Amino acid sequence: MESTIPDPHTEVPNPPRTTDRATRVEAHGIDHIPDSERRGRPRDLFGVWAAANVNYLSLVVGGALVLMGLSLWQAVAVIVAGNLCWLLTGLLAVSGPASGTPSEVITRALYGVRGNRVNNAVTGWTISVCYFALNLAAAAVAAFSLVEKVGIPATTGVKAVVVVLVAALTLAISVYGHGAIMKLYLPITLVLTAVFAVVAVRVLGRTDFGYRPAEPLSGGALWATLAAGVTLIAAGPLSYTTSADFSRYLPRTASPRAVAGWTALGGFLPSVVVCSLGAFAATAVDMTDPQRALESLLPGWFTPLFLLALVLGTISLNALTAYSAGLALQAVGLRIRRSLSVLVDGVVSVALTLYALLVADFLDTVSDVLQLTVVLLGPSTAVYATDVLLRRGRYDGPALTDETPGGPFWYTGGVNPAGAAAIAAGVTAGALSVDTLYTGPIAGALGLDLSLPAGLLTAAGVYALLTRGAAGRRHLR
């Protein structure tokens, strides 16, 4: 069988340490990173995830919880609960240093060589491109306002140009790759923190901390809204089943606990803070138009800086998404260099973004897509996390790159039955329990969207049960 590894590297005794510099396009794709090229510290991961999660979309989602009918403190509780899923993102990151390969390759252990191609096509590439488009749309909305402030009317043509320019800046980071991300993201985190600190002071000064809606939710309606809200928030961390992509350059000896902790903390803290700011703002202004509502709380001189920060934060988030989408496209089996695969992702995402902005309602699109993707992302995360726990974080990177029949991860016809059955069961359970673009029969009967717990628990349970059997135990060795 032809290898799907497009960027092969021959390990030499003392290779020059230039393969992952910020000023050079990353040479590695989905191939194994040799020990001689590993470096860094687990705490470096904090800046990567923090920069990506100080963004406009988090403000929008936080404000949306209050618009759904929750009181302020109910919304904050939902934000904290949903963001606890960052613990799973942190757990998945442990597999990066252990294997020296990205998540898109590690998941061959879960699904088999052929089964993993399908996994990467659906939960890897397709979902990543959808998130790229949503976040690009969020950045573009802020950029449109910035353009208007300098006297340029935001016509349809201007909007299209702005979307392309923001996408180009994002893809430049993704093309340069891991080295650029590690170098840029701590300074970006500091800049965004400074800007959002000013926003926080202004928002908190107007917040109604005792806010309750005129007609408070109760009973079944309240529980349904709480469940939907947790699902909406959890969609963010669950979208990062690719956290090993950014930890795989760490030395094999890096502490698994530190890798998991810094990854989870980098996502959790800013997500809780920024989402909560959106909820706080919704008690004072109408967040159906989040950008203009927030602008009304800020001094005029600061507004352009705020808009630039929104664009910068979303570019940071999307650069990670596009980077992983490029790796997923390689792992599907296309023999294309990582830098080119990233550009393919960008073209598709720009098309979807223009649709979301110029045709569909942005807020409705965000809510529907985030809730619906949990049906796929929840089970995918659960299977991956369960595998990490069962293997105790031990992965053989070179073995994972073996795609030949009879290889250690070929399983049966290229598919791991345990992984295939678990993901199928989890997605089915989630689909029966979802209430978003459509209502599943379980959700309809209970009046609750339980797609998140149903998908997570079912997929994890089935995978653990099947893998603990005799055949499964052999595969864990």
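The values are calculated or read from the model by the stated rules, or taken from the named source; none is laboratory data. Fair warning: this is a prediction, and the values are worked out from it, not measured in the lab. Here the Cβ positions follow ideal geometry from the backbone for every residue, glycine too, while neighbour counts run over all protein chains shown. Only protein heavy atoms, including side chains, enter the accessible area calculation; ligands, DNA and RNA are left aside. Shrake-Rupley method; radii C 1.70, N 1.55, O 1.52, S 1.80 Å.
Report the charge-dipole magnitude of region 242-334 in Debye, nearest 20, computed about the Cα centre from +1 at each Lys and Arg Cβ and -1 at each Asp and Glu Cβ. If you can, show how the numbers build up before the last one.
Numbers: 4 positive and 4 negative charges, 97 e Å.
So the magnitude is around 460 debye.
Reported to two decimal places, what Rg/Rh ratio describes region 38-148 when computed on Cα atoms with Rh from the Kirkwood expression? Intermediate results must be reported in sequence, preceding the final value.
Numbers: Rg = 17.8 Å, Rh = 17.1 Å.
Value, to two decimals: 1.04.
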Practice item. Order these peptides, 196-203, 175-182, by their mean beta-carbon neighbour count within 10 angstrom, highest first. Key: 175-182, 196-203
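Can you give the net charge of the other residues whose Cβ lies under 9 Å from the Cβ of residue 414, counting K and R as +1 and D and E as -1? Working shown, then result.
Numbers: positive: 114, 117; negative: 403.
Here the count lands on +1.
In the chain, carbon and sulfur make up what percent of the accessible area (probe 1.4 Å)?
Accessible surface attributable to carbon and sulfur in the chain totals 66 percent.
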**Study point:** Unit charges on C-beta of K, R, D, E only; dipole of region 119-273, Debye
**Key:** 340
Practice item. State, to one decimal in nm², a quarter of the convex hull surface area for the C-alpha atoms of region 195-268, i.e. the direction-averaged projected area. Key: 8.3
Exercise for review: Take each complete run of DSSP H in the chain, measure how far its Cα atoms stretch along the helix's own axis, and keep only those covering 18 Å or more with mean Kyte-Doolittle hydropathy at least 0.5; list them.
Suggested key: 127-149, 156-176, 178-206, 219-238, 256-282, 303-332, 338-358, 362-391, 417-433, 451-467
Study note, to complete from the structure: Residues other than residue 295 with Cβ under 15 Å of its Cβ, Lys/Arg counted +1 and Asp/Glu -1, net out at +1
**Study point:** Volume per residue that the Cα convex hull of the chain spans, once the total is divided by residue count, Å³
**Key:** 133
Exercise for review: For the chain, give the magnitude of the charge dipole about the Cα centre (Cβ charges: +1 Lys/Arg, -1 Asp/Glu; no others), in debye to the nearest 20.
Suggested key: 1280
**Study point:** Gap separating the Cα centres of region 400-441 and region 25-104, nearest whole Å
**Key:** 23
**Study point:** the chain - mean residue ellipticity at 222 nm from DSSP helices (-39,500 (n - 2.57) per run, n ≥ 4, rounded to 500)
**Key:** -22000 deg cm²/dmol
Practice item. Choose one of 268, 293, 308: the residue whose Cα lies farthest towards the positive end of the charge dipole of region 244-360 (beta-carbon charges +1 Lys, Arg; -1 Asp, Glu; about the Cα centre). Key: 268
Check your understanding: With every protein chain left in place, what is the accessible area per residue of the chain in square angstrom, probe 1.4 Å?
Key -> 38
